Amino acid sequence: MFLNSYANIADAVRDTGPWESFTVYPDGSRQFEDIISVNGIKTADGFPFGSAFCSFLLQRRFGNNRIFFEEGFLTPLHRHNFIELGYVAEGQLKQHIAGRDYMFNQGEMFLINKDVPHREYLYRKNMAVLFLNISNTFFDKSMNHLDLVGRESGDFIRHFIIAKNREYCFVRFVPKGGKAPSRISGLFEEIRAELRKPETGGSHIVIGLVERLLSLLPSEYILSVELNSRKAAGEQFFEQLRCYLEDHHPDVTMRDLITTFGHNRDYFNRIVKWHTGMTYSAFLRSIRLDKAALLLKTTGLPVEEVALRVGYEDPGYFYKIFRKRFNRNPGDMRNSESPGPELQKDRFTPY
């Protein structure tokens with residue numbers, strides 16, 4: 001999160017590497033084509049610079065950076081297409097979220113929702129924060145990552161992540177007893193270590209560690225929710241519609257939408273056109289093809305099976321629309337997405 005902010009700061013030392021794995025748009029929104037990413041920042045008393053790192057699961061990229069800043073510097077406003085789970089390991093973190101300032105204390109965690117505008121304050125005092133960035137793909141049924149039925153964390157996952165409730169800005173987690181359990185910082189460090197030096201089977205280990213971390217939240221923390229009441233009704237509904245389509249893209253029908261949301265066919269077309277410039281059919285096709293591209297990059301499934309999983313029974317048609325969207329065949333995309341080398345060695349040690 002921080003690393004792209006510093007691309008806009010003239011006196012920042014910017015290393016080429018993992019920050020290029022984020023796509024940054026003019027409106028401040030950011031995306032990354034991965035399942036999990038971890039980044040963090042550490043500042044120290046009296047020093048006008050901090051050190052930061054960022055690492056990615058599938059792309060196997062890792063890098064460190066040194067950031068120079070003035071006291072009380074406020075990073076550029078930005079938003080994400082992923083869930084951001086932050087942990088204040090040391091000191092305090094002041095954030096500006098959806099127009100208001102909030103302070104998070106040592107041991108606290110926070111879950112910032114998708115598409116919520118926010119920025120961070122940087123001060124010359126001891127502070128260390130870790131951020132776990134989780135794509136919606138992590139929770140896709142087709143990826144088979146989570147099996148939380150019957151667990152204590154089930155309600156939390158369903159309400160705040162899988163259901164993607166668009167009415168909240170962020171969730172604050174205050175540790176029960178006033179002190180964060182040591183397991184939390186330990187899990188963050190294990191995830192970071194696996195991403196830092198990926199080995200065979202490392203992706204499965206990271207996914208398991210993230211599941212374990214999420215499962216601890218409802219049992220180890222007291223949570224409070226900050227609602228986002230300023231969001232326009234149309235935008236809020238479009239986000240709900242988009243999330244529904246992402247979750248049901250293989251077999252969703254217009255009748256399903258009418259039954260679920262209670263609007264007519266024309267309304268769905270108008271709301272999608274207004275927010276994306278695409279027709280409803282084109283928008284659904286775009287979601288399906290994005291899911292297919294990710295499955296090709298992250299699994300060894302045959303192309304025909306990938307086509308079926310995203311809702312296309314005719315392989316010929318799937319090949320045709322895939323080539324039109326990505327200007328390459330499905331198999332070519334898989335062959336071109338081999339994991340890259342680790343990009344940056346330890347120039348600075350954030351922790």
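The values are calculated or read from the model by the stated rules, or taken from the named source; none is laboratory data. Quick caveat, the model's predicted, so the values are computed rather than measured. In this analysis, Cβ positions are derived from the backbone assuming ideal geometry, glycine residues included, and neighbour counts consider all displayed protein chains.
Brief remarks on what is shown
- Among the residues making up the stretch 225-252, those that are at pLDDT below 70 and in a loop (DSSP other than H, G, I, E, B) are Asn228, Ser229, Arg230, Lys231, Ala232.
- Taking first residues from the stretch 113-128 that are not assigned by TED's automatic domain parsing to the domain that holds Val171 and partners that are modelled with pLDDT of 90 or more, no Cβ contact under 8 Å between residues at least 6 apart in sequence or on separate chains turns up.
- From Leu295, Leu257, residue being within 26 Å of Ile207 (Cβ to Cβ), in a helix (DSSP H, G or I) and either more than 24 Å from the chain's Cα centre (by Cα) or not assigned by TED's automatic domain parsing to the domain that holds Leu57 (or both): Leu295
- Which listed residue, of Gly202, Gly150, Gly178, is modelled with pLDDT of 75 or more and at positive phi: Gly178
- Of all residues in the stretch 31-89 being part of a loop (DSSP other than H, G, I, E, B) and of a type in the set (Gly, Ala, Ser), the one that is nearest to Arg192 (Cα to Cα): Ala44
- Residue match in the stretch 132-147 (condition: modelled with pLDDT of 85 or more, surrounded by fewer than 18 Cβ atoms within 10 Å (Cβ to Cβ) and of a type outside the set (A, V, I, L, M)): no
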